[in-house]
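The block underneath contains the structure these notes are about, expressed in C-alpha cells.
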Amino acid sequence: MTGGVIINAETSKLGLKRYSFVWVADANGDAKAWLDGRRNPLLEGIPVRVVTRPSASQAPAIDYDIYLNDSRGRDLFNGKLGNRSGATIQVKALGNVLADEYRFAEEGTVGKLQFIIDNAGSGGAGVTVIYVRPFFPPAHLPILPSQC
C-alpha cells in the first residue's frame, strides 16, 4: 500500500492559521511530507494547538506517533505527540511543549520541516490539524496593552 499526506492551509479572519494534514500510512505504518514552501506550505507563526482525529473506517494502530522534525532531525514537539489514540479525537495545547519555544519560519529556524506519522499500521489513516497564531496581530486588530 502506498501512503501519503495531503496538506491544506486556511487563515481565519483573526489571522489564526489552520494546517490540516490528511494522511494514510504505507505498508510500514508511516506517512511523511516535507513542508518546504514549494509543493506544500511553510508553517509560519507560533503553534498553539494540535488536534488528532483518527479515521473511523481505516483507524490507525493504537499509540501511533506524530513528529514534526526540522532539517537536523529534531522533533519540534519534543515527543509530546507520541502515543496518539487510534480511536478518539485528542487535543494537545502547545503552551510549553515546543522545543526551545520554537516558532515556525522565524529567523534562526533550521530550514524545512518534515511531518511524520509513525507506527500507524498498514493503511491506518487520520487527520492532524495544527493551529498557528501569527507572530503579530493582523493590522485590522487593535494591539492591547498586554501585547506591548
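For the range 93-112, the criterion of being farther than 16 Å from Ile6 by Cβ and modelled with pLDDT of 95 or more is met by no residue. Looking at the range 1-45, the strands (runs of 3 or more DSSP E) lying wholly inside it that each contain 3 or more residues that are surrounded by fewer than 16 Cβ atoms within 10 Å (Cβ to Cβ) sit at 4-11.
The values are calculated or read from the model by the stated rules, or taken from the named source; none is laboratory data. Here the structure is a predicted model, which is why all the values come from computation and not from measurement. Methodologically, a virtual Cβ is constructed for each residue, glycine included, from the backbone with ideal geometry; neighbour enumeration extends over all protein chains shown.
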